[in-house]
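Student: To start, I am sharing the structure in question, which I have written as structure tokens.
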Amino acid sequence: MRRGVATGTSPAGAPHAGEAGLDLDMLQTFMARLWLSVLLVIALGAGGVAWLIARPAAPRGYSGLEFAQVTQAAALRAPLLATRGALVERVAENSPAARAGIAAGAVVAEIDGVKITTARQASMIVRKHGAGDRVVFTLFDETRGTIRPKNVAVVFDAAPPENKTILLVKPPRTLAKELFNPPTMAANAAWSHRLSHGVSVRPRAMPELDAGDCSGVAPEQWQVLNSGAGMIHLASKDGGEHAVYKLVALSPAQKRDPKGYVTGLAHAIFHSAVTDTPTESWKFGVSSFNFGNQAGVAGLALWRMNGDVLSVWIAGVPASEIAWAMPVTAGTLLSLQCKGGLAPPLAPRNSSLVATAMSSNCLQGRCEYSDFAAAYLQKYRVGYVHAHDGEVFLIDPKRDFWLNGQDGPGFYRQLGGENEKLMPGRTN
């Protein structure tokens, strides 16, 4: 028989045995290479994870600056300072800040264009930068008699290694800690409440709410429930507390009985007939009464006439929570005011008005009707103060006044580890 080259198929068309063996070898080779690739990927991934874990952290930045709150004397030396800023308390020798020419006593107004209001804010921004970062400080360099701001660029060094065996008696001001769990005070001791309250000055924040031509301040999570021309209705998130202000022109018949109109308005707001107390007359032509209804609402209504125009304030809270809810709701209610054609004219400040019951406009001699009605807040022992950025807080004017504050007598709030002095009155 003659030998020849094997053909790919048998006469019947079936695969040849040699070709089947070749396909099996190729499959085995492919699978071996596939497993090698998988093992290589796993090894590379594990190595990458190990490198990420083992690699040294990026060096923290070091400026050599320590900050403190701006004192009243420092603020007076920087009359063009728009915000409170932060005082440079100390500059470390041979530090990047020292090489850039920054000296203790300068006031930092901005860092990389961010306006600075407290030392804590300045410290937090600085701590976020790493070695090699270029940071621009806008300064009022009072130490050299300069009252206009200037920009100074500082390139941060790597932070020096920490020597954990060194104990500091006086830690940096920016490392002050906040005491969240003050120790138990002695029972019935006259000084206990004051001492316990001292390290945790946290007045209630009252953000601004507005709708149309009306505005006011209210606790967080309150919202505008309804509004219209010369009217605004605020309510708490759960719908339990309400504060309504309305300006309305009365007819001659309504003008003869303004309390009747106010009682009907309270009925309409709370969808239930009210039982009211006798009318009380307050300062500045303000009248008031308390009321309740079968729905379990306890309320307060005040009004003041200006010719034919009635300004009316109505508040309602759950009767079971009136002891704590009404003072806060009254603080919201008596901040409400509306502009527009019916708005009463501005009036000069009366000397008997308390600063913590007024708006900042009234402190400057331009008083709204709400400023006069807010004299009623003394009944609930609450008042308003505001920060340099305009944020408003509700306080107890007697309990929250500090004679020995770091910037002198006044009202303070705790911001991180520092106390910021607040100004009397509200802004809206």
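Student: Criterion first (surrounded by 18 or more Cβ atoms within 10 Å (Cβ to Cβ), under 21 Å from His388 (Cα atoms), touching a Lys or Arg at 6+ places or on another chain (Cβ under 8 Å) and modelled with pLDDT under 75) does Thr174 satisfy it?
Tutor: On the way: surrounded by 18 or more Cβ atoms within 10 Å (Cβ to Cβ): yes; under 21 Å from His388 (Cα atoms): yes; touching a Lys or Arg at 6+ places or on another chain (Cβ under 8 Å): yes; modelled with pLDDT under 75: yes.
Yes; evaluated as a whole, the condition is true for this residue.
Student: For the stretch 218-244, give me the residue count where each residue is open to solvent by less than 60 Å² (accessible area, probe 1.4 Å) and assigned to a strand (DSSP E or B). Steps first, please.
Tutor: First, pick out the residues of the stretch 218-244 that are open to solvent by less than 60 Å² (accessible area, probe 1.4 Å): 218-219, 222, 224, 227-228, 230-236, 239-244.
Filter once more, keeping what is assigned to a strand (DSSP E or B): 224, 227-228, 231-235, 242-244.
Total meeting the criteria: 11.
Student: Against the conditions (1) exposed (fewer than 15 other Cβ atoms within 10 Å of the Cβ); (2) at pLDDT below 90, where does Pro348 fall short? Just the number, please.
Tutor: Pro348 satisfies all of (1) exposed (fewer than 15 other Cβ atoms within 10 Å of the Cβ); (2) at pLDDT below 90 except (2).
Student: Considering only residues that are at pLDDT below 90 and not in a loop (DSSP other than H, G, I, E, B), look in the stretch 139-156 and name the one that is farthest from the chain's Cα centre (by Cα). Talk me through it step by step, then tell me what you get.
Tutor: So the first thing to find is which residues in the stretch 139-156 are at pLDDT below 90, and the list is 139-150.
If we keep only those that are not in a loop (DSSP other than H, G, I, E, B) as well, we get 139-140, 142-144, 150.
On the way: Leu139: 25, Phe140: 27, Glu142: 30, Thr143: 33, Arg144: 35, Lys150: 29 Å.
Across the stretch 139-156, the extreme among qualifying residues is Arg144.
Student: If I ask for residues that are assigned to a strand (DSSP E or B) and either at positive phi or modelled with pLDDT of 80 or more (or both), which ones from the stretch 394-418 would you list? Break it down stepwise before answering.
Tutor: Just the residues of the stretch 394-418 that are assigned to a strand (DSSP E or B), to begin with: 394-395, 401-402, 410-415, 418.
Within the stretch 394-418, Leu394, Ile395, Phe401, Trp402, Gly410, Phe411, Tyr412, Arg413 qualify.
Student: Hey, another quick one. What is the number of the single condition among (1) within 17 Å of the chain's Cα centre (by Cα); (2) surrounded by 18 or more Cβ atoms within 10 Å (Cβ to Cβ); (3) not charged (D, E, K, R) that Gln414 does not meet?
Tutor: Evaluating Gln414 over (1) within 17 Å of the chain's Cα centre (by Cα); (2) surrounded by 18 or more Cβ atoms within 10 Å (Cβ to Cβ); (3) not charged (D, E, K, R) leaves (2) as the failure.
Student: Under 6 Å between Cβ atoms, at least 6 apart or on separate chains: pull out the pairs that start in the stretch 251-274 with a residue that is more than 19 Å from Leu225 (Cβ to Cβ) and open to solvent by 30 Å² or more (accessible area, probe 1.4 Å) and end on any residue that is assigned to a helix (DSSP H, G or I) and not polar (S, T, N, Q).
Tutor: Filtered contacts from the stretch 251-274: Gln254/Tyr261; Ala273/His267.
Student: Still on this structure, please answer the following. Which one is farthest from Phe372 (Cα to Cα), of the residues in the stretch 287-305 that are open to solvent by less than 30 Å² (accessible area, probe 1.4 Å) and polar (S, T, N, Q)?
Tutor: The selected residue is Asn293.
Student: Next question, about the same structure. State all residues of the stretch 331-341 that are surrounded by 13 or more Cβ atoms within 10 Å (Cβ to Cβ) and within 14 Å of Gly212 (Cα to Cα); if no residue qualifies, say none.
Tutor: In the first step, residues of the stretch 331-341 are kept if they are surrounded by 13 or more Cβ atoms within 10 Å (Cβ to Cβ); the result is 331-339.
Hits for the stretch 331-341 are Leu336, Gln337, Cys338, Lys339.
Student: Restricting to the stretch 192-212, count the residues that are assigned to a loop (DSSP other than H, G, I, E, B), open to solvent by 30 Å² or more (accessible area, probe 1.4 Å) and either of a type in the set (Gly, Ala, Ser) or modelled with pLDDT of 90 or more (or both). Can you show your working first?
Tutor: Here is the first cut: in the stretch 192-212, the residues assigned to a loop (DSSP other than H, G, I, E, B) are 199-203, 206-207, 212.
Adding the requirement that they be open to solvent by 30 Å² or more (accessible area, probe 1.4 Å) leaves 199, 202, 207, 212.
With the extra rule that they be either of a type in the set (Gly, Ala, Ser) or modelled with pLDDT of 90 or more (or both), the set shrinks to 207, 212.
Of the residues in that region, 2 qualify.
Student: If Ala355 satisfies all but one of (1) within 22 Å of Ile314 (Cβ to Cβ); (2) hydrophobic (A, V, I, L, M, F, W, C); (3) touching a helix residue (DSSP H, G or I) at 6+ places or on another chain (Cβ under 8 Å); (4) open to solvent by 10 Å² or more (accessible area, probe 1.4 Å), what's the number of the condition it fails?
Tutor: Condition (1) is where Ala355 drops out.
Residue by residue, here is whether (1) crowded, with 19+ Cβ neighbours inside 10 Å; (2) out of contact with any Asp or Glu (no Cβ under 9 Å at 6 or more places or on another chain); (3) at pLDDT below 90 holds:
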residue: Leu39; (1), (2), (3): no, yes, yes
residue: Leu44; (1), (2), (3): no, yes, yes
residue: Val49; (1), (2), (3): no, yes, yes
residue: Ala58; (1), (2), (3): no, yes, yes
residue: Leu65; (1), (2), (3): yes, no, no
residue: Ala74; (1), (2), (3): yes, no, yes
residue: Ala82; (1), (2), (3): no, yes, yes
residue: Val88; (1), (2), (3): yes, no, yes
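Student: Only one of (1) outside any loop (DSSP other than H, G, I, E, B); (2) crowded, with 17+ Cβ neighbours inside 10 Å is not met by Glu321, so which one is it?
Tutor: (2)
The values are calculated or read from the model by the stated rules, or taken from the named source; none is laboratory data. Remember, predicted model here, so these are calculated numbers, not experimental data. Using ideal geometry, Cβ is built from the backbone for each residue, glycine included, and neighbour counts are taken over all protein chains shown. Quick note on the areas: whole protein, heavy atoms, side chains included, nothing else; ligands and nucleic acids left out. Shrake-Rupley method; radii C 1.70, N 1.55, O 1.52, S 1.80 Å.
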